[in-house]
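Every number in this text was worked out from the coordinates using simple rules, so none of it is lab data. Quantities reported herein were computed from a predicted structural model and do not represent experimental measurements. Here the Cβ positions follow ideal geometry from the backbone for every residue, glycine too, while neighbour counts run over all protein chains shown.
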Amino acid sequence: MVDWHLIKEMKPPTSQEEWETEFQKYQQFPEFKILNHDMTLAEFKFIWYMEYSHRMWGRLVGLAYILPAVYFWRKGWLSRGMKGRVLALCGLVCFQGLLGWYMVKSGLEEKPDSHDIPRVSQYRLAAHLGSALVLYCASLWTALSLLLPQHKLPETRQLLWLRRCAHGTAGLVFLTALSGAFVAGLDAGLVYNSFPKMGESWIPEDLFTFSPILRNVFENPTMVQFDHRILGITSVTAVTALYFFSRRIPLPRRTRVAAATLLALAYTQVGLGISTLLMYVPTPLAATHQSGSLALLSVALWLMNELRRVPK
């Protein structure tokens, strides 16, 4: 889909003529001219409906936030603090939609100086994913805070350290998931499909081929994959240390379950990531790996919520 209209595009093409018109629009852009020049109308319909489904799902999510918010607000069921949260969440939903189109737009632009295949900007893809993760985390934290009774844990030095470790680990998981957007945006999973080494080396020679050096972190597929590996290994190490540290502190059963679940998911996610890499990134496995990152982040937030400080 090469147009963006909030209401107009909600009705898909219904006749052969409308589909031909939509296909002709797509043919004017670099993705068709360079990458998909032999695409048939049937193949175009498949990718069109993939994008259409994503956009309609986004609109449905937006309504799921905004309509209940309006209803509960009018009924007077929201506290002052909750009103601020609700406004922030609804604002994030709207921002996410605009950011999504800004990302898609980058894949439709002519880039005469580039020799790469047409693709969306990895920066905009990371921003879109990051915004979605922030919205999800804020929603989940709000839900957990409302639904789960809070533990009255004694504020010992060990608990303070465990709480800080849980926060840091959740931050690492978030950063690792975000770095996956750069991997996907640059197809960095298709270089160095070996583990634990990258090819024949622990540190490949082409990490710093771009100039200035900082460009390599975000634009060099080798460096992007290397960074994602390091972040993943660091995250699972942090989760492991957090789990064993939590075993030394008397904690409620629900909190212990959260820590154990986080450990199990972390190693499952590592296994999925390595398998995805070694098998040259098959789409179903890659999608499972992406879903695993969200599940891991969810449990990290759950553990953080379990350890949150009781307000005085």
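Quick notes on this structure:
- Farthest toward positive dipole pole in region 74-145 [+1 Lys/Arg, -1 Asp/Glu at C-beta], among Gly107, Val93, Ala127: Val93
- Mean sequence separation of contacting Cα pairs (under 8 Å, at least six apart), scaled by the length of the chain, corresponds to a relative contact order of 18 percent.
- Degrees between helix 283-306 axis and first principal axis of the chain (Cα, 0 to 90, nearest 10): 30 degrees
- Over region 172-312: Kirkwood hydrodynamic radius from C-alpha pairwise inverse distances, Å: 16.2 Å
- Taking the Cα centre of region 64-216 as reference, the dipole from Cβ charges on Lys and Arg (+1) and Asp and Glu (-1) amounts to some 1240 debye.
- Region 45-107 and region 190-233: distance between their alpha carbon centers, rounded to Å: 35 Å
- Rounded to 10°, Cα long-axis angle of helix 41-75 versus longest principal axis of the chain: 40 degrees
- Restriction of the GluC sites (Glu not before Pro) in region 177-267 to DSSP coil positions whose beta-carbon has at most 11 other beta-carbons within 10 angstrom yields Glu200.
- Rounded to the nearest 20 debye, dipole of the chain from Cβ charges on Lys, Arg, Asp, Glu: 2640 debye
- Taking the chain as the region of interest, the number of lysine pairs whose Cα atoms are within less than 15 Å, with members eight or more places apart or on different chains, is 7.
- A helix-only calculation puts the chain at -23500 deg cm²/dmol for mean residue ellipticity at 222 nm, using -39500 (n - 2.57) for each DSSP H run of at least four residues, averaged over all residues.
- nm² value of the averaged projected area, convex hull over the Cα atoms of region 1-120: 9.4 nm²
- Here is the list for region 1-84: chymotrypsin sites (Phe, Trp or Tyr not before Pro) lying in DSSP coil, each with at most 13 other C-beta atoms within 10 angstrom of its C-beta, are Trp77.
- Region 95-207: proportion of alpha-carbon pairs further apart than 20 angstrom, %: 63 percent
- Ranked by the mean number of other Cβ atoms within 10 Å of their residues, highest first, the peptides 167-177, 147-157 fall in the order 167-177, 147-157.
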